[in-house]
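The values are calculated or read from the model by the stated rules, or taken from the named source; none is laboratory data. Keep in mind it's a predicted model, so treat the numbers as computed, not measured. Please note: Cβ atoms are built from the backbone with ideal geometry, for glycine as well, and neighbour counts cover all protein chains shown.
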Amino acid sequence: MVGGALGKVYSDREIIIKQGETGDSMYVVQGGRVEVLQDSVKAGEQHLAFLDAGDFFGEMSVFEKEVRSATVRAAGEARVLKIDKKALLTRIREDPLLAVNLLKTMSHRIRKLNEEISRHKKTQL
Amino acid sequence: MSPLTQKSVADSFSDFVESEEKDFTLRDGSRIAVVGGGPAGSFFTYFLLKMAQAIDLDIEVDIFEPRSFKYCGPAGCNHCGGIVSESLVQTLAAEGIVLPRSVVQRGVESYVVHMDVGDVAIESPVHERRIAALYRGNGPREGCDVELESFDNYLQEMVKGLGANIVPQLITGVENHDDRPFLKYGDGKGERYDLVAMAAGVNSNLINMLGELPGDYEPPKTTRGYICEFRSTKEEIMRILGRAVHVFLLDIPRFEFAAIIPKGQFVTVVMVGEDLDQELVHTFLNDPVVRRTFPTGATPCVCSCSPLINLGARKRPYGDRVVMIGDSGITRLYKDGIGAAFRTGKAAATSAIFHGVSAKDFEKHYWPTCRNIVNDNRVGKVMFATNAIMKNSRITRKAMLRMAQKEQQKDQARPHMSTLLWNMFTGSAPYVEMFRGTLHPGFIYNLMLSLGAALVPGKKAVQPRKKVA
Ligand SMILES: Cc1cc2nc3c(=O)[nH]c(=O)nc-3n(C[C@H](O)[C@H](O)[C@H](O)COP(=O)(O)OP(=O)(O)OC[C@H]3O[C@@H](n4cnc5c(N)ncnc54)[C@H](O)[C@@H]3O)c2cc1C
């Protein structure tokens, strides 16, 4: 049985958010595992990361109006909680420090991305 | 920018002189005491230690809590309905705090409103489990064999992991010794601290004994609630109650509100009413509407209690080096007390770490969070008074039911009455937001229509789309 008790259960490979679609919420994994994938014309579908309980995704749509930059699907059965953009932004207005946890993860992801880019550049040289 | 006036210069100068005279900032080695290890104490400690770590501040936190939340029965329980609201579940998730399956006894998907004129199931707006039903201690005494983890214990373990010391001591008094709060223990000994966070709830004698401290610590107003546990089988509870919290709007004298909350093989009955006594509890439990919602063969456990509910704000929930959080200070009227413990705990911790621990610091940086709750509660009082009037008239009960049933049947884009009832019962939105919803022309129009229909004799209630349980 998948861990966590709140949110919604997604079955194996069920898509939670889809690249290119608009979104107005972010998600927090409560139990199980999800996979982040990106589709590009050049490289096709690429695995970006696995996320586990406590990790979140889809946060970009809370802060900007762009379409989803990646697809996230359940890797095995997973339980995921949806967080509404409006509710979250209202809470952040009252308690700006709530955004710190999101910023921490986002900065961690940028750091990983930078490492990835420099590794990629090195292999091309 | 605010204009430079003689007063503002004088204020700044006196602030400067005061801060020169006394240092009210937390420094490396500062010692903080938290009196009470319920949600307010744990959330305060969690954020205090997290923020201190973030700015490399080395502080020591002692949480005084005589109870062990690992016990089942009253000894391990901070008596409460055990509903963690939708907004708190979402905030905790955004903070990276995930409530595990062992803690959550039921993920709630819907609320069913029961009245003598009929029932309506109001589904969670996004059809997912967004509300947690849990135990504050290790469950009823009759359930010592059931494997579960209490919410308060889960939070306590979390702050222990961050370095807080749990001291199993009852605090018998707080005094002022050389400009520092001094905590007195039961054995007559005690200790001085740089900051004391009072998180002893509203059911403690201690909160009435703070008069000795400098400042205005008038305790909050209270009323009594009633909680009782019943045992049945998991299957029977699931069959009758499903994943829904069942709430009752009944025209019983002195009765205000009650809920039946399914939790594994137990159900928790929570009740609020005027001068709540055994007679009122008996009348409620024997009401035909309640009887038909009760799992068959459910037996009452010895676990029943009448805890106090904080009804009003403490006038000034802070002083120099003392801050009151959660129920000891200010909480939301009737709903989401754990959410208010989170909000006040975090706001007090933020003020202490980033601004200081003087009364002035708390007034500037902690009080705004409290004031928001206080102002919202004023609107809440109006909402509850209106609700009391509506629930006491059969016509308005029928109109409310009809409107909500129609909305649930049609999956309406703006289900006004359902949203109002959902927010009112789950405590998921501020009262101001609920009040604004009632001013929407769509709400008023549909309510008028439903009132009209309710006045027509013999007009049947809308048939529910599906049974929730
Ligand atoms: C009938 C009823 C039903 C409720 N249902 C809900 C609900 O479903 N959902 C919800 O969100 N809220 C609910 N509440 C409100 C909720 O219980 C409180 O708002 C919440 O518990 C406040 O947390 P706290 O940490 O401030 O206080 P408490 O939970 O009361 O914790 C105080 C702690 O301080 C300790 N303590 C007390 N005195 C001393 C002392 N002298 N020395 C050391 N430690 C001490 C106690 O042992 C306790 O652990 C309900 C309240 C009542 C009365």
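General observations
- Of the strands (runs of 3 or more DSSP E) that lie entirely inside the stretch A:13-122, those containing 2 or more residues that are under 30 Å from B:TYR366 (Cα atoms) span A:25-31, A:78-84.
- For the stretch B:52-71, the tally of residues that are more than 14 Å from every other protein chain (Cβ to nearest Cβ) and surrounded by fewer than 22 Cβ atoms within 10 Å (Cβ to Cβ) stands at 11.
- Test: residue in the stretch B:24-47 that is more than 17 Å from B:GLY337 (Cβ to Cβ), more than 10 Å from the ligand (Cβ to nearest atom) and within 14 Å of chain A (Cβ to nearest Cβ): yes
- The residues of the stretch B:89-122 that are more than 10 Å from chain A (Cβ to nearest Cβ) and of a type in the set (A, V, I, L, M, F, W, C), listed by number, are B:VAL112, B:VAL113, B:MET115, B:VAL117, B:VAL120, B:ALA121, B:ILE122.
- Test for B:ILE353: is it surrounded by 24 or more Cβ atoms within 10 Å (Cβ to Cβ) and closer than 30 Å to B:ALA33 by Cβ: no
- Among the strands (runs of 3 or more DSSP E) confined to the stretch B:217-322, the ones with at least 1 residues that are within 15 Å of the ligand (Cβ to nearest atom) and under 25 Å from B:LEU401 (Cβ atoms) are located at B:244-248, B:255-263, B:266-273.
- Of note, A:ALA99 satisfies the criterion of being on the phi < 0 side of the Ramachandran plot, in the same structural domain as A:GLU115 (by TED's automatic domain parsing) and of a type outside the set (Lys, Arg).
- Number of residues in the stretch B:270-313 that are surrounded by fewer than 17 Cβ atoms within 10 Å (Cβ to Cβ) and farther than 26 Å from B:LEU333 by Cβ: the value is 10.
- Every residue from the stretch B:403-434 that is buried (at least 22 other Cβ atoms within 10 Å of the Cβ) and of a type in the set (Gly, Ala, Ser): B:ALA404, B:SER418, B:GLY427, B:SER428, B:ALA429
- Selection status of B:GLU142, over 21 Å from B:ALA258 (Cα atoms), within 14 Å of chain A (Cβ to nearest Cβ), surrounded by fewer than 23 Cβ atoms within 10 Å (Cβ to Cβ) and of a type in the set (Asp, Glu): no
- Comparison of A:LYS82, A:LYS104, A:LYS121, A:LYS112 shows that the only residue that is farther than 21 Å from A:GLY4 by Cβ, out of contact with any helix residue (DSSP H, G or I) (no Cβ under 8 Å at 6 or more places or on another chain) and either surrounded by 16 or more Cβ atoms within 10 Å (Cβ to Cβ) or within 12 Å of another protein chain (Cβ to nearest Cβ) (or both) is A:LYS104.
- Among the residues making up the stretch B:157-167, those that are in contact (Cβ under 8 Å) with a residue 24 or more places away in the chain and either more than 24 Å from the chain's Cα centre (by Cα) or surrounded by 17 or more Cβ atoms within 10 Å (Cβ to Cβ) (or both) are B:VAL159, B:LEU162, B:GLY163, B:ALA164, B:ASN165, B:ILE166, B:VAL167.
- Close pairs from the stretch B:223-239: first of a type in the set (Asp, Glu), partner within 12 Å of the ligand (Cβ to nearest atom), Cβ under 6 Å, at least 6 apart: B:GLU229/B:THR268
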